[in-house]
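A short write-up of the structure that comes next.
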Amino acid sequence: MYNKTIAGSILVAFTLGGCANMTETQKGTAKGAGIGAAGGAVIGAVAGGTKGAVIGAAVGAAAGGVAGNVWSKRMEAQKKQMEEATAGTGVAVTQTPDNRLKLDIPSDISFDVGRADINPNFRTVLDTFATGLSNNPSSKITIVGHTDSSGSDAINNPLSLNRAISVRDYLAARSVASSRFTTEGRGSREPLVANDTAANKAKNRRVEIFVAEPAPAEASAPAPQK
């Protein structure tokens, strides 16, 4: 039984890790979760047979899932900085389960309807954000643009990507290296709520910014044999 658990964990890890629609950070997290589950299963099996393998796999998956990123003092400091900078604006600042800092920025301060030009109120938020990114140069940034369901995919898909690119370019102009960014446009494919009222459509027109600090490679390498 536990041999199947181990094999299944590794298979899932690399199957998920190869999904084309996942970012590199998400792929690493998926692989980490599967490999963590496999390692946990081995330890659990030694300690408690089949039942221990199942428990160990669950614990290992939880640990492995965040192994690809670290939540450092720099990340915590940037989270607090952004919470203070965005207080009262409607911007949600959170730590994701895979140890990324997430900014969920609503349309009323980011972009006008049908436009990708950054609003003045949004610039103040991004200026503070750029400072935090400069203090953590090893972090990677993913910017995802979204639209509501008004209009066709032919309009919404490039509009959502252009919004993400506008944010990237604004931050790059404030000395954040372009090589640190990944931009994505999801169009109207990932609504937060139903697109059935004007208020709900406004919630779906948004930009999400994710910051990940990858774990150092040497931290995950096995200790040398003595």
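The values are calculated or read from the model by the stated rules, or taken from the named source; none is laboratory data. Because the structure is a prediction, the values reported are computed rather than measured. Please note: Cβ atoms are built from the backbone with ideal geometry, for glycine as well, and neighbour counts cover all protein chains shown. Accessible surface areas use protein heavy atoms only, side chains included; no ligands, DNA or RNA. Shrake-Rupley method; radii C 1.70, N 1.55, O 1.52, S 1.80 Å.
Within the range 160-192, track down each residue that is assigned to a helix (DSSP H, G or I) and open to solvent by 40 Å² or more (accessible area, probe 1.4 Å). Give the steps one after another, and end with the answer.
From the range 160-192, those assigned to a helix (DSSP H, G or I) are 160-172, 178-180; that's our starting set.
Listed by number, the residues that qualify are LEU161, ASN162, ILE165, ARG168, ASP169, SER178, SER179.
Are there any pairs, at least 6 apart or on different chains, whose C-beta atoms fall under 8 Å, with the first in the range 175-196 and farther than 16 Å from ASP104 by Cα and the second assigned to a helix (DSSP H, G or I) and of a type in the set (Lys, Arg), and if so, which?
SER178/ARG168; PHE181/ARG168; ASN195/LYS201
In the range 97-124, what count of residues is obtained for those that are over 20 Å from the mean Cα position of the chain (by Cα), part of a helix (DSSP H, G or I) and touching a residue at least 12 places away in the same chain (Cβ under 8 Å)? Before you say what the answer is, go through the steps one by one.
Start the filter on the range 97-124 by keeping residues that are over 20 Å from the mean Cα position of the chain (by Cα), which leaves 108-109, 111-124.
This time we only want the ones that are part of a helix (DSSP H, G or I), so: 108-109, 120-124.
Okay, now just the ones that are also touching a residue at least 12 places away in the same chain (Cβ under 8 Å), so 108-109, 121-124.
Total satisfying the criteria: 6.
Out of the residues in the range 198-226 that are outside any loop (DSSP other than H, G, I, E, B) and small (Gly, Ala, Ser), state the one that is modelled with the lowest pLDDT. Break it down stepwise before answering.
First, the residues of the range 198-226 that are outside any loop (DSSP other than H, G, I, E, B): 198-204, 206-212, 214, 217-220.
After this cut, where a residue has to be small (Gly, Ala, Ser) as well, the list is 198-199, 202, 212, 217, 219-220.
Values: ALA198: 90, ALA199: 89, ALA202: 87, ALA212: 97, ALA217: 68, ALA219: 43, SER220: 46.
Result: ALA219.
Does the range 125-139 hold any residues that are free of Cβ contacts under 8 Å to residues at least 60 places away in the same chain and either outside any helix (DSSP H, G or I) or among the hydrophobic types (A, V, I, L, M, F, W, C) (or both), and which are they?
The answer is VAL125, LEU126, ALA130, PRO137.
Here is a yes/no grid of residues against (1) aliphatic (A, V, I, L, M); (2) open to solvent by less than 30 Å² (accessible area, probe 1.4 Å); (3) at pLDDT 90 or above:
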site: THR86; (1), (2), (3): no, yes, yes
site: VAL91; (1), (2), (3): yes, yes, yes
site: THR96; (1), (2), (3): no, yes, yes
site: ARG100; (1), (2), (3): no, yes, yes
site: ILE105; (1), (2), (3): yes, yes, yes
site: PHE111; (1), (2), (3): no, yes, no
site: ALA116; (1), (2), (3): yes, yes, yes
site: THR124; (1), (2), (3): no, no, yes
site: ASP127; (1), (2), (3): no, no, yes
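Which of the residues spanning the range 143-159 are in contact with a Ser or Thr (Cβ under 7 Å, 6 or more places away or on another chain), open to solvent by 10 Å² or more (accessible area, probe 1.4 Å) and either part of a helix (DSSP H, G or I) or of a type in the set (A, V, I, L, M, F, W, C) (or both)?
LEU159
Quick one: ASN195 ticks every box in (1) among the polar types (S, T, N, Q); (2) surrounded by 13 or more Cβ atoms within 10 Å (Cβ to Cβ); (3) part of a helix (DSSP H, G or I) except a single one, so which number is it?
(3)
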